[in-house]
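Heads up: the structure comes next, in structure tokens.
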Amino acid sequence: MSDTTAPTDEAPLGDLGAPEPDERPDLWPSTARRGADGALEIGGRGLEEILAQAPTPVFVLDEADLRARAATWSAVMAEEFWPRYGMNGGEAYYAGKAFLTTRVARTVLTEGMGIDTASRVELAVGLAALQAVDGQGATSRATRLGLHGNGKTLAEISVALHHRVGHLVLDSLEEVGLAAQAVRDLRAAGVYAPDETGSVMVRLTTGVHAGGHEHISTGHEDQKFGISVATGAALEACRAVVAAPELTLHGLHSHIGSQILGHEGFVEAVGIVLRLRHDIAESTGVLCEEIDLGGGLGIAYTGLDPVPPSPADLARALAQAVRTGCQELGDGVPRVSVEPGRSVVGPTTVTLYTVTGLKTVELGPGASRLYVSVDGGMSDNLRPALYGSAYTALLANRRPDPAAGLVRARVVGKHCESGDVVVRDVDLPGDLAVGDVLAVPATGAYGRSMANNYNLFTRPGVAWVADGEQGWVLRPETIEDLLRLEGD
Ligand SMILES: *Cc1c(COP(=O)(O)O)cnc(C)c1O
């Protein structure tokens, strides 16, 4: 199953070409364009300049684009949930698992987003960035950070409570018990005042099924995340939080999936979350302050994908659903937060590869396919192998010769797996040659963050470009880095 809907096999030659940046701006970093020499340019730097400092394979992140996307998310949530319009405030937390370094975290924090983390190390990176942005002492009240995830340990929950993260999202009844214990420990250690409580949220399984692929759609019932609303388990867990003298039930959390291209699933989830909030209030007297509606807004990866809804469109739909839902239930309006990852960082980044080999494979009478090998693959982009994800690739170092026509190609990596596909189907210039550079757009989310060392490939670096300048967000891994980890 593909997480995009491109029916590529019978597409006429020409339909699967990569759109140029001016044809589909949503697919590319906002500063990407063809320079006077015909080569791609990003962040005011020509391809040759970029590659002189950052040889392929490499991710190139347009920092101005990242900044603008983070600022947009903060602004649309603040505007749509502006208290004067009868709402109660809105915020956007960047889902750090899409791609997190302290530089990325500082950038999104500076533009008004919080940061949602999914592990102890992601949380540590968020805390380091918060310290750098907000100054000394801020990390004892890390209200702009969140921690979620299933199977959290006492140690993980304790770290989050110690720093008083704004969104500690509990994922099971057992975690409710662990959080209460962590607060008792923090009180005993003098970190918390004797009557201070730990502020927690509860992750709901709403039964809403949305998103591109079974592995990334998370709202339906039979899976590892969340606590079921339908079975009553969620109400029970929330009652347990309210009953625990160590805890405060700050809010409810729902994340229905990823790569979602419509509003319907989100709106449906809002109804279920608000209904449960109402039921909790009826049974305990506590009306939760906040609901977190998770991430999941999709992006385009190829020219066949539709232009996705904008953050403003989604925020407006959510605000409408929250307003009418609360009116129907007769409840006060909660604060509302979202946790976008892919839509913040995905389109800001392209991967540059060098073509290292060309091979034509005969498929039958009159049919053949060009296999284009590049100097990367499933170690820097696992998504095609993991989800069957579709990407596209553009000749980046020059304009093609129009007389050479097009050829249907499959771009493959250099790993020892036949499933090591970078782009399954793409129409590339007929004069493509070894040494040419291909740009694969929309690799900023779940690209470098899922990178691995299969075949002992060193993980590529992520270069930032902005205003004609360039540096490293992450340096490329070296062989020495890998050897340093070996034991005796
Ligand atoms: C993955 C995830 C997100 C971000 O999802 P995107 O599709 O990248 O926007 C947000 N919240 C939670 C809980 C997640 O697991």
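Would you mind stating whether Leu123 is part of a loop (DSSP other than H, G, I, E, B), modelled with pLDDT of 95 or more, surrounded by 22 or more Cβ atoms within 10 Å (Cβ to Cβ) and within 16 Å of the ligand (Cβ to nearest atom)?
It is false that Leu123 is part of a loop (DSSP other than H, G, I, E, B), modelled with pLDDT of 95 or more, surrounded by 22 or more Cβ atoms within 10 Å (Cβ to Cβ) and within 16 Å of the ligand (Cβ to nearest atom).
What is the one condition in (1) under 24 Å from Arg475 (Cα atoms); (2) touching a strand residue (DSSP E or B) at 6+ places or on another chain (Cβ under 9 Å) that Gly90 does not satisfy?
The number of the failed condition is (1).
Taking Tyr353, is it at pLDDT 95 or above, more than 15 Å from the ligand (Cβ to nearest atom), crowded, with 24+ Cβ neighbours inside 10 Å and within 19 Å of His415 (Cα to Cα)?
For Tyr353, the condition - at pLDDT 95 or above, more than 15 Å from the ligand (Cβ to nearest atom), crowded, with 24+ Cβ neighbours inside 10 Å and within 19 Å of His415 (Cα to Cα) - is met.
Pairs needed: first member in region 80-99, within 30 Å of Arg120 (Cβ to Cβ) and more than 16 Å from the ligand (Cβ to nearest atom); second member anywhere, aliphatic (A, V, I, L, M) and not in a helix (DSSP H, G or I); C-beta distance under 8 Å; at least 6 residues apart or different chains.
Final answer for the pair search is Gly89/Val336.
So Asp427 fits all but one of (1) out of contact with any Lys or Arg (no Cβ under 7 Å at 6 or more places or on another chain); (2) in contact (Cβ under 8 Å) with a residue 40 or more places away in the chain; (3) outside any loop (DSSP other than H, G, I, E, B); what number is the exception?
Single failed check for Asp427: (1).
Go over the candidates Val165, Val169 one by one and state the one that is of a type in the set (Val, Ile, Thr), in contact with a Ser or Thr (Cβ under 9 Å, 6 or more places away or on another chain), in contact (Cβ under 8 Å) with a residue 40 or more places away in the chain and not in a helix (DSSP H, G or I).
Selected residue: Val165, the only one of Val165, Val169 that is of a type in the set (Val, Ile, Thr), in contact with a Ser or Thr (Cβ under 9 Å, 6 or more places away or on another chain), in contact (Cβ under 8 Å) with a residue 40 or more places away in the chain and not in a helix (DSSP H, G or I).
If you check Leu249, Leu304, Leu287, Leu235, which single one turns out to be in a helix (DSSP H, G or I) and either at negative phi or touching a Lys or Arg at 6+ places or on another chain (Cβ under 9 Å) (or both)?
Sole residue among the options that is in a helix (DSSP H, G or I) and either at negative phi or touching a Lys or Arg at 6+ places or on another chain (Cβ under 9 Å) (or both): Leu235.
Exactly one of (1) over 17 Å from Thr206 (Cα atoms); (2) in contact with a strand residue (DSSP E or B) (Cβ under 6 Å, 6 or more places away or on another chain); (3) within 15 Å of the ligand (Cβ to nearest atom) is unmet by Ile299. Its number?
It fails just one condition, (2).
Within region 307-334, count every residue that is surrounded by fewer than 20 Cβ atoms within 10 Å (Cβ to Cβ) and either assigned to a strand (DSSP E or B) or β-branched (Val, Ile, Thr) (or both).
Result for region 307-334: 2.
Name every residue in region 29-71 that is part of a loop (DSSP other than H, G, I, E, B) and in contact with a Ser or Thr (Cβ under 6 Å, 6 or more places away or on another chain), in order of residue number.
Across region 29-71, the qualifying residues are Pro29, Gly43, Thr56.
The values are calculated or read from the model by the stated rules, or taken from the named source; none is laboratory data. Note that the coordinates shown come from a computational prediction; the quantities given were computed from them, not determined experimentally. Here Cβ is always computed from backbone atoms with ideal geometry, including for glycine, and neighbour counts include all displayed protein chains.
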